[in-house]
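The values are calculated or read from the model by the stated rules, or taken from the named source; none is laboratory data. Everything numeric here is computed off the predicted structure, so don't read it as measured data. Cβ coordinates were reconstructed from backbone atoms using ideal geometry, including for glycine residues, and neighbour counts include every protein chain displayed.
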Amino acid sequence: MIHRIILTLLVISLSGAGSWAQQTTPGAWQFAVSGDSRNCGDVVMPAIAQSVLKHDVKFYWHLGDFRLMSGVDEDMQVRYKGRLTLEDYSRDAWGDFLAHQIAPFGLLPIHLGIGNHELYGNKTTQAYVTQFAYWLDTPELRTQRLNDFSQDTSLKPYYHWQEGGIEFIYMDNSTDDGFGEAQVSWLEHILQRDKSDHAITAVVIGMHRALPNSFACGHSMNGDLRDPITDPDYANHLRRDQMSTESGRRAYSDLAQWRRETNKFVYVLASHSHFFMESVFATDYWKDPQHGGMVLPGWIVGTAGAKRYALPKELSPAVVAQTKASAYVYGYLLATVHPGGMVDFEFKDVTESDVPADVKARYGTDFGGKNFVHWCFADNRDERVHPPPPSCRER
């Protein structure tokens, strides 16, 4: 099935990848990134692709949560007129993601990251790796993997590659217990090598859940607020949340230490929370000298089609202004890499008017008495907030 989908992608790409804008800054180059394209991703992602292809980007990076998996995404409900069984959906959802969300990018290189919803619906990490092997085992990623894991050549959901003087790293925190010792050691090994590599001028690290103690702490590697009365597996869930928090804090400290020792740039990207936010690590926790006193530039961009979230209630108006946070938006980050490793990130929103005509024709049906494309932009939201767990208040 994968080979058939790849052939479909190639056929579509021949007619859709030719109108890119020219770069305007000598020596600069660009890439695009966003995450969380479930629910309305089949509507929003083609609009993102159409916008991305207007820029001369080298690749698009997806930070996970391709499809809902725990239930049928609304866009697929509409297309199958509500007759899609959960069993059929589980079998077809990832193929749907490739055909309707990745194909619109044409020949543009794509990097895929695993999210927690990739493991819903009885899916496994191995099933994910098998399904998306074509994108996880490109020559550039394979070369790095064989160099990193000389005794273990198996395909992994975390990876890295080097491009234009930048070390790009994707970390897998799709499970509730975070990165794990092997993965953090792998990260530390990469950072150690990059210290003395004069060709590497910056690290851009992506993941699904944001590293701990950000302004989006309630829905991040800090885990969830647990109730010992209603949660039948409270002790185990709390243990895994603690493991996630500890591994995430260790990774953050590693990156901050690398920044101090090398004076090279570090940028941290995540999604998981379905809103846009920048300066996410300018919190009291990471400003505190006992935690290193280093605020790393960080962004959350879970804005590719999932039910959009309200901003955390704990954010004061001053913090919202400082972080340039936006709720109930769709879009992506357009990154411009300058000579020397400095990267500028600009949020590019997409609106209902940006949805391609063929997508409007496909999904412009009634959905609860409304046009479905309009519903995605007007009503696809979840105004509940994620209360922060105790680890968010640690100092």
The condition of being acidic (Asp, Glu) and under 28 Å from Leu211 (Cβ atoms) holds, among Glu87, Glu74, Glu118, only for Glu118
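Here is a yes/no grid of residues against (1) within 17 Å of the chain's Cα centre (by Cα); (2) more than 29 Å from Gly341 (Cα to Cα); (3) of a type in the set (Lys, Arg):
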{"site": "Asp227", "(1), (2), (3)": "no, yes, no"}
{"site": "Asp233", "(1), (2), (3)": "no, yes, no"}
{"site": "Asn263", "(1), (2), (3)": "no, no, no"}
{"site": "Glu278", "(1), (2), (3)": "yes, no, no"}
{"site": "Asp284", "(1), (2), (3)": "no, no, no"}
{"site": "Ala318", "(1), (2), (3)": "no, yes, no"}
{"site": "Gln322", "(1), (2), (3)": "no, no, no"}
Next on the checklist: Looking at the range 322-340, can you tell me whether even one residue there is under 30 Å from Met243 (Cβ atoms), in contact with a Leu (Cβ under 8 Å, 6 or more places away or on another chain) and not small (Gly, Ala, Ser)?
Outcome noted: yes
The condition of being small (Gly, Ala, Ser), buried (at least 22 other Cβ atoms within 10 Å of the Cβ) and touching a helix residue (DSSP H, G or I) at 6+ places or on another chain (Cβ under 8 Å) holds, among Gly121, Gly178, only for Gly178
Of the residues in the range 60-86, those that are in a loop (DSSP other than H, G, I, E, B) and under 22 Å from Asp366 (Cα atoms) number 11
Apart from one, (1) under 21 Å from Ile200 (Cβ atoms); (2) crowded, with 19+ Cβ neighbours inside 10 Å; (3) touching a Lys or Arg at 6+ places or on another chain (Cβ under 8 Å) all hold for Ile166; the odd one out is (3)
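Take the residues in the range 312-354 that are outside any strand (DSSP E or B) and charged (D, E, K, R), then tell me which one is surrounded by the fewest Cβ atoms within 10 Å (Cβ to Cβ).
Among those residues, the one meeting the criterion is Lys313.
Scan the range 355-394 residue by residue and report those that are of a type in the set (Ser, Thr, Tyr) and not in a helix (DSSP H, G or I).
Thr365
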From the option list Val301, Val295, Val320, single residue qualifying as of a type in the set (Val, Ile, Thr) and in contact (Cβ under 8 Å) with a residue 60 or more places away in the chain is Val301
When the range 222-235 is checked residue by residue, the ones that are exposed (fewer than 13 other Cβ atoms within 10 Å of the Cβ) and assigned to a helix (DSSP H, G or I) are Ala235
Of (1) crowded, with 21+ Cβ neighbours inside 10 Å; (2) more than 27 Å from Lys54 (Cβ to Cβ), Ile102 fails just (2)
**Request:** Could you tell me whether any residue of the range 61-72 is within 17 Å of Pro104 (Cβ to Cβ) and more than 15 Å from the chain's Cα centre (by Cα)?
**Result:** no
Do we have any residue at all in the range 252-265 that's without any contact (Cβ under 8 Å) to a residue 40 or more places away in the chain, out of contact with any Phe, Trp or Tyr (no Cβ under 7 Å at 6 or more places or on another chain), outside any loop (DSSP other than H, G, I, E, B) and closer than 25 Å to Ile114 by Cβ? yes
Looking across the range 355-374 at residues that are among the aliphatic types (A, V, I, L, M) and modelled with pLDDT of 95 or more, the single one that is surrounded by the fewest Cβ atoms within 10 Å (Cβ to Cβ) is Ala357
Counting only residues that are in a loop (DSSP other than H, G, I, E, B), touching a strand residue (DSSP E or B) at 6+ places or on another chain (Cβ under 7 Å) and over 11 Å from Ser34 (Cα atoms), the range 297-311 contains a total of 2
